[in-house]
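Engineer: One structure, pasted below without further comment.
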Amino acid sequence: MHVGQVISGSGHVVLIGWVLLGGLFQSDPLPIEATEVSVISGADFEALLAARQPATPETGPETETEIAQPAQPEGVEEPPVVPQVSEPVEDAAAPEVVATPPADDAPEVTELTAPPEAEVSDTPPEQQTPPEETAVLVPNQAEQAVPLPSDRVAPEPVAQPDPEAALDPVQQDAVVQSDTGETPQEPQEATAPEAAADQIVTEAEKPAAAPRTSVRPPARRPTRPAAAPAADPVVEPEPRTAESTSSDTDAAVQAALEAALNPPSDAPAAPSGPPMSAGEKDVLRVAVSSCWNVGSLSSDALKTTVTLGVSMTPDGKPVSGSVTLLGSEGGTAAAAKQAYETARRAIIRCGARGYDLPADKYEQWKEIEMTFNPERMRIK
Amino acid sequence: MILRVLIACAVMLVTVSVTPVRAESVTPVPKEPLRIVIDEGVIEPLPFATPDFVPENAGSAKMGADLARVVAADLQGSGLFREIPNSAVISQVSDFGAPVQYADWKAINAEALVVGAVNVSGGNLTVKFRLYDVFSGAELGSGLQFQSTTDGWRRLAHKVADAVYSRITGESGYFDSRVVYVSQSGPKDKRKKRLAIMDYDGANVKYLTDSRAIVLAPRFSPNGDRVLYTSYETGFPRIYVLEVGSVQRRVLESAEGVMSFAPRFSPNGQTVVYSQASGSNTDLFTMDISSGRTQRLTSAPSIETAPSYSPDGTQIVFESDRSGAPQLYVMPANGGEARRISFGEGRYGTPVWSPRGDLVAFTKQSKGRFHIGVMRLDGKEERLLTASFLDEAPTWSPNGRVIMFHRETQGASGSSTLYSVDITGRNLRSVRTPEGGSEPSWSPLQK
């Protein structure tokens, strides 16, 4: 408020002061330049303009100039006369007269019964109390894997292999020749074991259902077979041709002397080299297991344990003719025969390319006894 | 003479005294083989090859190919074998007596090889075969030869397949067998039923009755020459015996107005065990077929039905609701105290004793689904093999390895189809029939 009064008061003081004292500060007027002009009459002005105009008048822009037509190009013939050939128009066949379609039979009209009225009640439905919000905890444990449905059942489940990989018990990556590689390697195809489930999945056991038992393969502990009673090698003395004239006593004396003075020269020698490690034995066991197919065995044969003996060549291949049945337990003779044939197939088939055995311990695995016990396979 | 004996004794003494010294100095170590134990293997079909049978005369080539296809289908259909297709075969067999090129068959991973020959002469057919273990490089068993008329060529193929199956698995086959069943046609509310008989694989279907009367539950006799079944021909269910060869039939004696059903032969074929309803009660009875004499086996106020003999004929497994819900029981064949063997959740029915005697097949209804399952006679090791809207009426293959049953689909237009499954639960497959089929009964192996 005071500001307005001050401004108003100041304005009035300035105005009153200018009115009273304005004459004291009057300045001199600005100097004006004066130019002399002469006044002439209209006739003189016309005469002056007439004296400045030229003698010939200028041509106006409206002048038209004819432009010569361009010369016609030579050799231009007259446009050919197109004969107007009128194609003979076939006489269009008279359109068939379409008989008037018979009128549709009148549909049977059936009165539909009115739909029953919906029962509506005035009372609003009770609203259910929503469940309290609860935080969803992320399970710490991943969902259990469902068993793989597969035609092949093996001790350890194997996922579907790479379609480009060849089937082989041993998994290996593909090796391709490289120009930059310093150590050249032979190219080889990728291999992978065949897909397998670790248990039979029936239709009643949904694959989506959680398995009742852990799908983890049972713990495998390298088992050492119970030492079979080592039968002392029976060394039969070579029959000697006794003189026909000597009596039985002479022969007995001669035999006793031979036995006493010439002990068997082929006395067994201790296997050379270090003993086989558990891992090396396990490699052989797993390799044979992968070919031991008990799927076609009878239930009786599945209760029969057989022990086979086999001789091996230095390159790890079984000698086919050397596979013999050393003993059986738990089944009939017929069942033992089936079990033996199945085990023999396993040894020969998976050893066709040679088992992965340490060459420097050949004496250790030159002769092998394999015991095939199907007890754990009966529950698959 | 005495001198020589003395010398011999002296030498023996020398032997006894010298040998220990040598033994101590050499100390021979017995050569021990490497020993390993294989206790885990794989279960997968065994790969085999069956090239076309070699024709031994002109005009036998097609028969040779047909025979090989049936043999291969039998073996592969069992689920225990896997045929290697002919396109993969390297070595062609053109001479039945020629030595086998094992390397060629090893190369395609064929573990078994079936080589056959066929001779068609007039209406007679001669088939022979040999089975080889490829990786062992030896023949499995010796060659066999079968003869028949050309009409029976499928049976000869089944017999070859049975022999191959038996030599590899160690148990008898089931291919040369037949199945009697109820053939069904039409919608569910107007379904026509008639008895039909066919080869186990669905071939050679023949009808034994017409569809004028409803027929139920056919059962083969132990030697496959007769069939028991229930018919509503007179309005009441009555049991009939039908001769398969002549298609002649007769009704088993029963009182008028008495409902008899669910019959089954005893293992000796002389007795029939069946259910008989009287009012709201149903009990088990036996009837001597020749004399018609009946014997009551149960007298409980509950429903006892679906009896089945053990293979030795001494016991009967049946279904009863005496505990409140249908369960399985075992009792002596002449009646007596019954022992409950099923204790699982759900309702159990239609038990059938395995030809091996070690298992019982059954139908189970649980949680709105039907299952075909097997269990041991003590009720342990129950294993459900199938699951669907409706699975029912199991029957055993002659060797006790496979179960056939029928499966019905849902809805008014649902149909009934025969299926088979291995007792391990693998190899579930349908059996093709011209019409729908239900209530199969498997015959024994044909002679």
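What follows is calculated from the coordinates using simple rules that are stated; it is not laboratory data. Because the structure is a prediction, the values reported are computed rather than measured. Here the Cβ positions follow ideal geometry from the backbone for every residue, glycine too, while neighbour counts run over all protein chains shown.
Engineer: Viscosity 0.692 mPa s, temperature 37 °C: give me the Stokes-Einstein translational D for the range A:278-375 in µm²/s, with Rh taken as the Kirkwood radius over C-alpha pairs.
Structural biologist: Diffusion coefficient, whole number: 242 µm²/s.
Engineer: Taking a 18 Å limit on the Cα-Cα distance, which of the listed pairs B:LYS128/B:LYS206; A:LYS337/B:LYS106; A:LYS317/A:LYS366; A:LYS281/A:LYS317; A:LYS281/A:LYS361; B:LYS62/B:LYS128 fall beyond it?
Structural biologist: With Cα atoms farther than 18 Å apart: B:LYS128/B:LYS206; A:LYS337/B:LYS106.
Engineer: Could you line up A:HIS2, B:HIS406 from fewest to most neighbouring Cβ atoms inside 10 Å?
Structural biologist: A:HIS2, B:HIS406
Engineer: Oh, and also: What does the charge count near B:VAL182 come to, summing +1 for each Lys or Arg and -1 for each Asp or Glu among other residues with Cβ under 9 Å from its Cβ?
Structural biologist: Charge balance in the 9 Å sphere: +1.
Engineer: Connecting C-alpha atoms closer than 10 Å in a GNM of chain B, tell me which of B:ILE43, B:ILE168, B:ILE289 has the biggest fluctuation.
Structural biologist: In this elastic network of chain B, the residue with the biggest mean-square fluctuation among B:ILE43, B:ILE168, B:ILE289 is B:ILE43.
Engineer: Mean residue ellipticity at 222 nm from the helices of chain B, using -39,500 (n - 2.57) per DSSP H segment of n ≥ 4 over the full residue count, to the nearest 500 deg cm²/dmol?
Structural biologist: Rounded to the nearest 500, the figure is -5000 deg cm²/dmol.
Engineer: Charges only on Cβ, +1 for Lys and Arg, -1 for Asp and Glu: so what's the dipole of chain B about the Cα centre, in debye to the nearest 20?
Structural biologist: 540 debye
Engineer: Still on this model: What share of the DSSP beta bridges in the range B:46-169 is antiparallel, in percent to the nearest 5?
Structural biologist: 70 percent
Engineer: Check B:THR386: other-chain or 5+ apart residues with amide H under 5 Å from its amide H, H built from backbone geometry?
Structural biologist: Excluding prolines and chain starts, which carry no amide H, the hits are A:ALA204, B:ILE372.
Engineer: Rg and Dmax in Å for the range B:178-442, alpha carbons only: what are they?
Structural biologist: 17.2, 46
Engineer: Restricting attention to the range B:360-401, which trypsin sites (Lys or Arg not before Pro) occupy a DSSP loop and are surrounded by at most 13 other Cβ atoms within 10 Å?
Structural biologist: Passing both the DSSP loop test and the Cβ count: B:LYS367, B:LYS380.
Engineer: OK, next. Report, ordered by chain and residue number, the lysines lying within cross-link reach of B:LYS380, taken as a straight Cα distance under 22 Å and ignoring same-chain residues fewer than 8 apart.
Structural biologist: A:LYS206, A:LYS303, A:LYS380, B:LYS364, B:LYS367
Engineer: Treating only the Cβ of Lys, Arg, Asp and Glu as charged (+1, +1, -1, -1), what charge dipole size does the range A:278-375 show about its Cα centre? Round to the nearest 20 debye.
Structural biologist: For the range A:278-375, the charge dipole is close to 300 debye.
Engineer: Please give the net charge around B:SER148, taking every other residue with its beta carbon less than 13 angstrom from that of B:SER148, where Lys and Arg add +1 and Asp and Glu add -1.
Structural biologist: So the surrounding residues net to +3.
Engineer: By the scheme Lys and Arg +1, Asp and Glu -1, what is the net charge of all other residues having a beta-carbon under 12 Å from that of B:ARG340?
Structural biologist: Net local charge, B:ARG340 excluded: -2.
Engineer: Picking from B:HIS158, B:LEU140, B:VAL180, whose Cα lies most toward the positive end of the charge dipole for the range B:111-266 (charges on Cβ: Lys, Arg +1; Asp, Glu -1)?
Structural biologist: Final value for the positive-end residue is B:VAL180.
Engineer: Roughly how many debye, to the nearest 20, is the charge dipole of the range B:46-169 about its Cα centre, given +1 on each Lys and Arg Cβ, -1 on each Asp and Glu Cβ, and no other charges?
Structural biologist: 180 debye
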